[in-house]
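What follows is a set of notes on a single structure, which appears directly below.
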Amino acid sequence: KGKGKGKGRKDEESEWVPVTKLGRLVKEKKIHSIEQIYLFSLPIKEFQVVDYFLPTLKDEVMKIMPVQKQTRAGQRTRFKAFVAVGDHDGHVGLGLKCSKEVATAIRGAIILAKLSLIPVRRGYWGSRMGQPHTIPMKVTGKCGSVRIRLVPAPRGTGIVASPAPKKMLQMAGISDVYTSSCGQTATLGNFIKATFFALNKTYGFLTPDLWKDNKFLPSPYQVHSADLAKKEVK
């Protein structure tokens, strides 16, 4: 039995069979970019969708910590893994997973990080020359007692932050930013979560250049409803 399971798993990895509507549209090349998914706020339930659009995604294990539960027989120790993923070009995700084994926890955290991938808005400090290099406005993120504030910085400043948020900001593709934090920042899990929440707010801020009227397009589910219906009938 053990051998059979192992063989089957390799075949599954090589061939992705989508199970959600979004997965089917992606595999049939009906959706052309991940930005199209974000535009319509479609929930991503399969990590292969992210792999399809962002093959250059890098992952980084931020922390592995043992957590214990007291039982009648003693303690039961499990491992909690925090993993950040990013393409160094405006996309970043954070996942955490608890498991009996370290390898399983890391694998699960990578998948969850891909599913939680968010777009990060980048902007300028001062003149709008060259590529966007910093964040467009001051943003704050909070998790537990940890609060982190990201402040736009001039070109060439670099990332002024402690090692944990610095990694996340690099993965998001931000090259210059000032940070200020308060609270129990030694709790690394909450510190990186607060950074992630702050980056998530960059697209939630309505700046004057976004005031113009937009023509709303129908969702991909509506546009390709006939194709999706055909597949369901089969």
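The table for this structure:
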quantity: Percent of Cα-Cα distances greater than 20 Å, calculated over the range 154-211; calculated: 32
quantity: Farthest positive-ward along the range 79-153 dipole, Cα basis, beta-carbon charges - from ILE148, ALA103, GLY93; calculated: ILE148
quantity: In the range 100-152, the trypsin sites (Lys or Arg not before Pro) that fall in loop regions by DSSP, at most 10 other Cβ within 10 Å; calculated: LYS100, ARG128
quantity: Spin-label model distance (nm) - MET65 vs SER180, 7 Å beyond Cα toward Cβ; calculated: 2.6
quantity: Pairwise centroid distance, computed over Cα atoms, of the range 133-170 with the range 34-70, Å; calculated: 21
quantity: With DNA, RNA and ligands ignored, accessible area of GLU15 (1.4 Å probe; Å², nearest 10); calculated: 100
quantity: Answer label for Rg and Dmax of the Cα atoms in Å (calculated), chosen among [x] 20.5, 64; [y] 16.7, 52; [z] 18.4, 58; calculated: [x]
quantity: Cross-link pairs beyond the 19 Å C-alpha cut-off, checked among LYS21/LYS45; LYS69/LYS167; LYS97/LYS138; LYS27/LYS230; LYS97/LYS193; calculated: LYS69/LYS167; LYS97/LYS138
quantity: Helix runs (DSSP H) in the chain reaching 15 Å along axis by Cα, Kyte-Doolittle at least 1.6; calculated: 102-115
quantity: Assigned charges on the beta-carbon of Lys, Arg, Asp, Glu; the chain dipole about Cα centre (debye); calculated: 980
quantity: All Cα pairs of the range 40-155, percent lying beyond 25 Å; calculated: 41
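The values are calculated or read from the model by the stated rules, or taken from the named source; none is laboratory data. Computed from a prediction, not measured in an experiment: that's the story for all the values here. Neighbour counts are summed over all protein chains in view; Cβ atoms, including those assigned to glycine, are modelled from backbone coordinates with ideal geometry. Just the protein is used for accessible areas: all its heavy atoms, side chains included, with ligands, DNA and RNA removed. Shrake-Rupley method; radii C 1.70, N 1.55, O 1.52, S 1.80 Å.
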